[in-house]
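Okay, so here's the structure we're looking at.
The values are calculated or read from the model by the stated rules, or taken from the named source; none is laboratory data. Because the structure is predicted, anything quoted here is derived from the model rather than measured. Virtual Cβ from ideal backbone geometry, glycine too; neighbours counted across all protein chains shown.
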Amino acid sequence: MKDSWKKPSTYVWIAGILVVGALIFLLITFTSSAKGKAVATIDGEEITKDELYENLVSQYGASALSTMISDKIVDLEAKKEDIKITDKEIDKEMKTLIESYGDEETFEQQLATTGATKSTLEKDIVKYLQTVKLLEPRIKISDEEINTYFKENKDSLAQEEQVEASHILVESKAEAKDIIEKLADGKKFADLAKEYSTDTASAEKGGELGFFGKGEMAEEFEKVAFSLEKGKISDPVKTSYGYHIIKVTDKKAAKKANLKDSKTEIVATLKNEKLQTEYTTWLTEKQKDYDIYNSLESETETE
């Protein structure tokens with residue numbers, strides 16, 4: 001329903017882990033499969049699993065193995081520091097990640113494109129949280145950095161006018177009118193959304209779309225949603241998706257950014273930026289503490 005979803009930069013890192021994780025999965029799968037078996041043929045000429053495996057290792061093996069070595073170092077250091085990651089922490093990160101994609105359906109589609117599952121993602125989240133806990137003592141944010149960031153990003157930190165709404169999406173105007181009659185008879189909006197809405201992602205939540213600003217919804221939808229008073233329900237609204245019945249549940253007026261309200265967000269952003277750069281420095285330091293043998297690295301050096 002939304003035209004685009006903003007994804008916090010924290011999860012760009014996890015998205016990168018997912019892609020590498022998918023490559024590792026491919027490499028392991030082909031290693032454990034029966035060797036020599038054809039995976040494709042062209043006019044009877046075979047491409048074997050051995051050939052595919054060698055190609056995958058040649059193109060992606062060094063990157064995948066390097067990531068596995070780095071992950072192992074994180075794991076060993078977390079054990080040394082007795083760092084524990086709870087189910088509650090994992091669930092919280094998973095929920096935030098899903099919300100960053102807008103809804104669970106979009107999130108699962110993204111997972112599918114990387115060949116990952118929720119189970120593999122949970123492992124990546126554990127690794128991410130271990131890394132955060134290991135590096136947090138090294139990351140300091142000064143008042144000067146906070147003030148500078150605020151001055152440079154005032155516009156993006158300002159709160160735009162927002163509407164919180166629920167909707168019921170159906171195919172025809174007649175269906176929409178029928179549902180409006182049911183609402184007039186005292187039926188609950190959420191119950192009708194679950195029963196009739198073709199927007200399955202929001203239907204599960206009783207039609208809830210959460211807060212959104214201008215430019216995030218279809219133009220016809222947005223125009224009506226922003227014009228409705230809180231608590232009011234619209235007449236049928238036609239968009240390219242079908243016919244919507246919109247209920248506005250809350251509104252937020254546009255507000256200029258101020259440092260006090262923005263400080264938590266600024267600190268989180270700066271920490272995340274430093275976390276990604278500090279990780280490289282920390283990892284380089286820790287690699288010196290371990291006896292590491294990387295066969296793919298050794299092969300490259302001898303060629």
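Give region 44-83 a look and list any residue that's modelled with pLDDT under 95, surrounded by fewer than 14 Cβ atoms within 10 Å (Cβ to Cβ), over 27 Å from the mean Cα position of the chain (by Cα) and part of a helix (DSSP H, G or I), or say none.
Selection gives E54, N55, S58.
Given (1) surrounded by fewer than 15 Cβ atoms within 10 Å (Cβ to Cβ); (2) touching a Gly at 6+ places or on another chain (Cβ under 8 Å); (3) not β-branched (V, I, T), identify the lone condition not met by H167.
(1)
Could you grab me the full set of residues in region 172-194 that are more than 13 Å from I233 (Cβ to Cβ) and part of a helix (DSSP H, G or I)?
K173, A174, E175, D178, D191, K194
What number of residues within region 251-298 satisfy the criterion of being among the β-branched types (V, I, T), without any contact (Cβ under 8 Å) to a residue 40 or more places away in the chain and within 24 Å of Y149 (Cα to Cα)?
Qualifying residue count, region 251-298: 4.
Could you grab me the full set of residues in region 207-217 that are crowded, with 17+ Cβ neighbours inside 10 Å and more than 14 Å from S166 (Cα to Cα)?
Matches in region 207-217: E216 only.
Look at region 224-257 and say how many of its residues are of a type in the set (S, T, N, Q), surrounded by fewer than 16 Cβ atoms within 10 Å (Cβ to Cβ) and in a loop (DSSP other than H, G, I, E, B).
1
Condition first: free of Cβ contacts under 8 Å to residues at least 12 places away in the same chain and either out of contact with any strand residue (DSSP E or B) (no Cβ under 9 Å at 6 or more places or on another chain) or of a type in the set (S, T, N, Q) (or both). Now tell me which residues in region 39-62 satisfy that.
Answer for region 39-62, where residues must be free of Cβ contacts under 8 Å to residues at least 12 places away in the same chain and either out of contact with any strand residue (DSSP E or B) (no Cβ under 9 Å at 6 or more places or on another chain) or of a type in the set (S, T, N, Q) (or both): T41, I42, D43, G44, E45, E54, N55, S58, Q59.
Of the residues in region 84-125, how many are part of a loop (DSSP other than H, G, I, E, B) and surrounded by fewer than 17 Cβ atoms within 10 Å (Cβ to Cβ)?
The total comes to 4.
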